[in-house]
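> One structure is given below, represented as structure tokens, and several questions about it will come after.
The values are calculated or read from the model by the stated rules, or taken from the named source; none is laboratory data. Just so we're clear, the structure is a prediction, and the values are computed from it rather than from any experiment. Virtual Cβ from ideal backbone geometry, glycine too; neighbours counted across all protein chains shown. In case anyone asks, the SASA skips ligands and DNA or RNA and just uses the protein heavy atoms, side chains included. Shrake-Rupley method; radii C 1.70, N 1.55, O 1.52, S 1.80 Å.
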Amino acid sequence: MSSPSKETEEPSSGNEEVASAAGGSGDSNADKRPPAKRQISTAVIEISDTDSDDSDVCAVISYQASADEVKRIRRDYSSSSSSSDYSSDSDSPWEDDSVVIKDKISEKVVKTQLNPRANRMDDPKLNPALKSQDVIDKVKSYWEEEKDYTSKEVTLTCDPFRLCRLQGLLENPDIINNIVDDMNTLDWSRKKMDLYEFHQTTDLANLTWQRSIRGIYDMLKTEIMTWVSQVTGLELTSVSASCSLYGPGDHLLVHDDRLGDRRVAFILYLAPWTPRAPPPPPLLHNGAGDRPVNLQVSSTQELCGDGWRPHMGGALELFSCDEAGPARVALRAYPANNTLAFFAVGPKSFHQVGEVLSLELPRLSINGWFHGPALAPAPAPAAPPRALPPHQRPVSARLVLLNQWVESTYLSARVRAQVQTQMERASEVCLRDVLQPARCRALLDALEAPDVEWERCGPAQQRRYWRVAERWLAREAADEPHAVRGLARLLGAAAWLRLLADFTDLPLAALRRLELQRWAPGDFTLLPPREHYQQARLEAVLYLGVPTHPLCGGQTIYVAPEGDPEEGALVTLPPIHNALNLVYCDTGAASFTKYLSKLTMAPDEHFYIATCTYTE
């Protein structure tokens, strides 16, 4: 819980593509093959181990908020805005968000206030209604009995786990505009990894002169922490907090917050504005969850408030769990101005921040954890689904003719030598238009056919996409072989392995993993457990049916989770239709596929990835 911009996008692969008719050059006397990594002149992604991250590996991009983003935080979108005249030394409680309107009747100048501020010397004050012992006792009683409770000040929901929201937290809500002003003076870092993507500041304990933010931090570690401790019955001793900004496309994927001595997670929402009305239903293409959602008929419980609308995304989404882990979104709590949300951290406190779909207003919050005596260690993550096995059939049944599938250019000795030279130099290569056009069209038609069985891949805290069901793929067809099964046979055939051996100069012995995947908006994979990248291997990634328009996400990214943080991303494979990517991964290199944004794809759009792992 804590907008992709051009300067923070994933680094491009730098692959030297071997085109159908283009020749390549390289050093045929290359030395020993390097591991799956490229020397990058400027580190774009930094890998670091920090206590504040939600996994052992965090890819961070250093970022300085631009003037345009500062204006966006303060809701100054027009060129006529007077925000440039702002002075923090002003004694006026209304400050600079004002416009001058000329009264046509009296010819008097009237000053209309848009975003009033509190006095700069004022401190945030807790709503007196929340201090009432009757309110505290009532909320505590409902919390202990795990019963829902709703009043003007407090909303407590207990499904799928207890979430408490304090509406109207501050008695003087105008000070929220002061807090937003103070945010303009902070240094923001771009957090970007497999799990999340957003902007964040340093811990509030390190801030000394931003008076309004400092006041909120002091309130969190005194009055609010005491209030939460009384209601939950938990022993709380300290607080850690920071400011977070989610722009268009930013997100935080499923996790449970269990790390160290975190006991209660909290979010204070800052949304001192009036958002625009949602677009009409025919224009609403962005949903939430696994499939497109019609906001009028969604069965998921939703909590809303002032300053934010559901069509803008960015909800705190709580997951119900089954024996395999988080299963489905049971509750969406949208940001609401001057509202504090908190929940106890536990084995089933799985949640995420849905992708922000607003192109105008940022999702601002102050969030963190109340700490106390440490919980029991978290259980080991669930094992990923078993990879689709290679087909074991008699030789006659497995006969595959490469010239019926692969573009003839790649079957020539000259081009295979060029590919091998590129692999020796960089350990990766991208082969465009690798499948014959007619065969590729037939394969896409077959993948779209209703007779193909698909299964959902989870658990939700590790991956989300569809793949061809193993039982369907292994089934023999009585009539003409199915094109999808034919692709699976191709990728495991002896002739195909010999072709890859010519491309890579590797003595490939077996196909260890095969999956035919379907990717839609909202799908992703995270870095696998350590045991999955402790062996050298060749990975082949074939993209099919990728839309021609630009995408945000969907890249396959290789990193060294335990390597030098300065090396950054080793290789990035952009999704390109009918492009086969070969990557030699040395021990310690791992990959994930970046979250596929809903902003750049329609809900009914999707593409396919065939991914294989070969060993020597």
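> Arrange the peptides 261-273, 449-461 so that the one whose residues have, on average, the most other Cβ atoms within 10 Å appears first.
Numbers: 261-273: 23.0, 449-461: 15.2.
So the peptides 261-273, 449-461, ranked by packing, come out 261-273, 449-461.
> For the pairs 140/598; 125/598; 221/348; 140/594; 192/221, flag any whose C-alpha to C-alpha distance is greater than 31 Å. Spell out each step's value before the answer.
Working: 140/598 39 Å; 125/598 39 Å; 221/348 26 Å; 140/594 41 Å; 192/221 28 Å.
With Cα atoms farther than 31 Å apart: 140/598; 125/598; 140/594.
> Separate question: If I ignore ligands, DNA and RNA and count only protein heavy atoms, how much of residue 193 is accessible to a 1.4 Å probe, in Å² to the nearest 10?
Probe radius 1.4 Å; accessible area of residue 193 about 0 Å².
> Calculate the FRET efficiency for residue 145 and residue 203 from the Cβ-Cβ distance with a Förster distance of 51 Å, rounded to the nearest 0.05.
0.90
> Mind jotting down the distance between the C-alpha centroids of region 478-530 and region 150-172, whole Å?
50 Å
> Here is a further query. Please identify the GluC sites (Glu not before Pro) of region 133-189 that satisfy two criteria: DSSP loop assignment and at most 12 other Cβ atoms within 10 Å. Which are they? Don't jump to the answer; show the numbers that get you there.
On the way: sites: 144, 145, 146, 153, 171; in loops: 146, 153, 171.
Sites meeting the loop and neighbour criteria: 146.
> Additional query: Which one of 545, 528, 556 has its Cα pushed farthest toward the positive end of the charge dipole of region 525-569, where Lys and Arg give +1 and Asp and Glu give -1 at the Cβ?
545
> How much accessible surface area, in Å² rounded to 10, belongs to the heavy atoms of residue 532 with a 1.4 Å probe?
Here the residue's solvent-accessible area equals roughly 80 Å².
> Work out how much length residue 304 to residue 235 would gain on full extension: take 0.36 nm times their residue separation and subtract the Cα-Cα distance, in nm to one decimal. If you can, show how the numbers build up before the last one.
Numbers: separation 69, 0.36 × 69 = 24.84 nm, distance 3.00 nm.
Once the chain is fully extended between residue 304 and residue 235, it gains 21.8 nm.
> Another one. Sorted by accessible area with a 1.4 angstrom probe, largest first, how do 274, 572 fall?
Values: 274 105, 572 5 Å².
From most exposed to least exposed: 274, 572.
> So which GluC sites (Glu not before Pro) in region 175-267 pass both tests, a DSSP loop state and at most 13 other Cβ atoms within 10 Å of the Cβ? Walk me through the numbers before you get to the answer.
On the way: sites: 197, 223, 235; in loops: 235.
The qualifying sites are 235.
> Give me D for region 136-240 in µm² s⁻¹, whole number, from Stokes-Einstein with Rh from the Kirkwood sum over alpha-carbon pairs, 10 °C and 1.306 mPa s. Don't jump to the answer; show the numbers that get you there.
Values: Rh = 16.1 Å.
Answer from the Stokes-Einstein relation: 99 µm²/s.
> Suppose accessible area is computed on protein heavy atoms with a 1.4 Å probe; arrange 302, 531, 616 from highest to lowest.
Numbers: 302 60, 531 130, 616 105 Å².
Putting 302, 531, 616 in descending order of accessible area: 531, 616, 302.
> With every protein chain present, what accessible area does residue 185 have (1.4 Å probe, heavy atoms only), rounded to the nearest 10 Å²?
Spelled out: residue 185, probe radius 1.4 Å, area about 60 Å².
> While we're looking at this one, here's another question. At R0 = 60 Å, how high is the FRET efficiency between residue 328 and residue 414 if r is their beta carbon distance? Nearest 0.05 is fine.
So, using R0 = 60 Å, E works out to roughly 0.65.
> Counting only protein chains, not ligands or nucleic acids, how are 148, 306, 174 ordered by accessible area (probe 1.4 Å), most first? Show your work: numbers first, answer last.
Values: 148 90, 306 125, 174 65 Å².
Sorted descending by solvent-accessible area, the residues read 306, 148, 174.
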